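Engineer: The structure is given below, and queries will be raised subsequently.
The values are calculated or read from the model by the stated rules, or taken from the named source; none is laboratory data. Everything quoted here is computed from the prediction, not taken from an experiment. Cβ sites come from the backbone with ideal geometry, for glycine too, and all protein chains shown count toward neighbours.
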């Protein structure tokens, strides 16, 4: 099996304080992997390292056949200005950037795809609503519709189910499952072990260093999780070192 | 009656027609830029940049007196320098953009006032600070109209990246390399329009025609296109009424224009249907969906 992503002794951090240390792992093409670990384990940091938002302090991330345009990234929700005067359809259509770029026209065909994406996340009928009027769950649905349109081979999700109702979560898990069956590689930072066990075949357990990586039932054992917590507490030192990306 | 109050001053006096044309040009260029400043939560940045332009204009004034070219070039250099330096300080040090910008513009402003006062009189200082919309010559008008045309053109080309950069910068960075280009092109537009505006309204008042109509429009329109249209209309109205007020009551024209814009802002704040005071208090019908 070829790997979509390979972490080679990857060390990432802020202000030279490492948040992820010497990570060595391969993410298989088409795999559905949860990144799991205690607060401050460097989970979000790892995703930022993959998108290139954070340059490695050491080591690197190797992309098999992937290019920049093949990666879609959903950061934690707080990054979007919800008061901005955009409608739902404007927000979702941004996902077509790679096709239409800064000047391209939104044609009939693209418009139909936007509608289809909205339908598959259950937002049909809300197209012209301003994004400020959406609930947290609806907003997350809209962002997933945007991810759908990005049509990326590698999808990175950072805590996609935080503060989301159960119904929305089930619908969005369906979307993730459909990505998986289409052969896309999905990496999701999650904090709920039950969700991971139920829906993610692979898990990468992180406590700043790699604890375990492989099939979920072998990785998410009681011993491994205990070890991860201990490692994170042991390495934490002064709270600001580990607490920086805790969220 | 209406003829005498509204049309006669412009029919009779060339300087009024020039003032109106100058104000219309400033409204067309600066107001849409102001809408984006507001949407990016950078309204105060506009204010800071306006102050930053002063020493450049002052050096231009020192070298060649009240010359349009020298003051424009000086203002552009000073404005761009402060924009770039504060951006640089934010990226390489721990200081946030608002604080570094405030630091640079305060230094810049103090330097500017000092330079003007060593050579010129208080009248010259007043000219730079508050502009001379009633004494615009041909060169100044050509400059203002060129800046307005350029701004509208650049905004049209940059519209989509700019909207993304405002609403979801992280997303723009993840899909495209245009983020930095968009940011600095936009800052250049801000500086350019402030420099243009200061010939008409002065460095302090130029930022008023940029921000006040945009802030007022927020209470009337919900889409970006709507915001720009309403803001430009408010800027036109303020320019026209401000000029007429200053003509009929012998008021200084720059402050009169900005005050009219301020009154429109206050009225919008109360009456505006999109989040104005009354709209907030009155019970609303539930959204249909």
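Engineer: Could you list, in sequence order, all residues of region B:142-166 that are within 7 Å of chain A (Cβ to nearest Cβ) and either in contact (Cβ under 8 Å) with a residue 24 or more places away in the chain or over 22 Å from residue B:223 (Cα atoms) (or both)?
Structural biologist: Residue satisfying the conditions is B:166 alone.
Engineer: Just give me the residues in region A:79-89 being at the interface with chain B (Cβ under 8 Å from one of its Cβ atoms), under 22 Å from the mean Cα position of the chain (by Cα) and either surrounded by 21 or more Cβ atoms within 10 Å (Cβ to Cβ) or under 14 Å from residue B:162 (Cβ atoms) (or both), in sequence order.
Structural biologist: Within region A:79-89, A:81 is the sole residue that qualifies.
Engineer: For region B:136-150, how many residues are modelled with pLDDT under 90 and either surrounded by 15 or more Cβ atoms within 10 Å (Cβ to Cβ) or out of contact with any helix residue (DSSP H, G or I) (no Cβ under 7 Å at 6 or more places or on another chain) (or both)?
Structural biologist: 4
Engineer: All but one of (1) surrounded by 15 or more Cβ atoms within 10 Å (Cβ to Cβ); (2) within 18 Å of the chain's Cα centre (by Cα) hold for residue B:174, so report the exception by its number.
Structural biologist: Of everything listed in (1) surrounded by 15 or more Cβ atoms within 10 Å (Cβ to Cβ); (2) within 18 Å of the chain's Cα centre (by Cα), residue B:174 misses just condition (2).
Engineer: Do any helices (runs of 4 or more DSSP H) lying entirely in region B:1-120 carry at least 2 residues that are within 28 Å of residue B:153 (Cβ to Cβ), and which ones are they?
Structural biologist: In region B:1-120, B:14-39, B:43-64, B:68-92, B:97-119 are the helices (runs of 4 or more DSSP H) which contain 2 or more residues that are within 28 Å of residue B:153 (Cβ to Cβ).
Engineer: Given the conditions (1) modelled with pLDDT of 90 or more; (2) assigned by TED's automatic domain parsing to the domain that holds residue A:36; (3) loosely packed, with under 15 Cβ neighbours inside 10 Å, and given that residue A:223 satisfies all but one, which numbered condition is not satisfied?
Structural biologist: Going through the list (1) modelled with pLDDT of 90 or more; (2) assigned by TED's automatic domain parsing to the domain that holds residue A:36; (3) loosely packed, with under 15 Cβ neighbours inside 10 Å, residue A:223 breaks only (1).
Engineer: Out of (1) part of a strand (DSSP E or B); (2) away from every other protein chain (no Cβ under 14 Å), the odd one out for residue A:173 is which?
Structural biologist: That leaves (1) as the condition not met.
Engineer: For residues that are within 12 Å of another protein chain (Cβ to nearest Cβ), under 30 Å from residue A:3 (Cβ atoms) and either touching a helix residue (DSSP H, G or I) at 6+ places or on another chain (Cβ under 7 Å) or surrounded by fewer than 21 Cβ atoms within 10 Å (Cβ to Cβ) (or both), tally how many sit in region A:124-150.
Structural biologist: Going through region A:124-150 one residue at a time, the tally reaches 4.
Engineer: Go over the candidates A:17, A:12, A:66, A:5 one by one and state the one that is buried (at least 22 other Cβ atoms within 10 Å of the Cβ) and in contact (Cβ under 8 Å) with a residue 60 or more places away in the chain.
Structural biologist: Exactly one of A:17, A:12, A:66, A:5 is buried (at least 22 other Cβ atoms within 10 Å of the Cβ) and in contact (Cβ under 8 Å) with a residue 60 or more places away in the chain, namely A:5.
Engineer: Out of (1) more than 21 Å from residue B:222 (Cβ to Cβ); (2) more than 12 Å from chain B (Cβ to nearest Cβ), what's the single condition that is false for residue A:118?
Structural biologist: Residue A:118 satisfies every listed condition except (1).
Engineer: OK, next. Of all residues in region B:229-245, count the ones that are within 14 Å of another protein chain (Cβ to nearest Cβ) and either surrounded by fewer than 21 Cβ atoms within 10 Å (Cβ to Cβ) or more than 15 Å from the chain's Cα centre (by Cα) (or both).
Structural biologist: Total meeting the criteria: 2.
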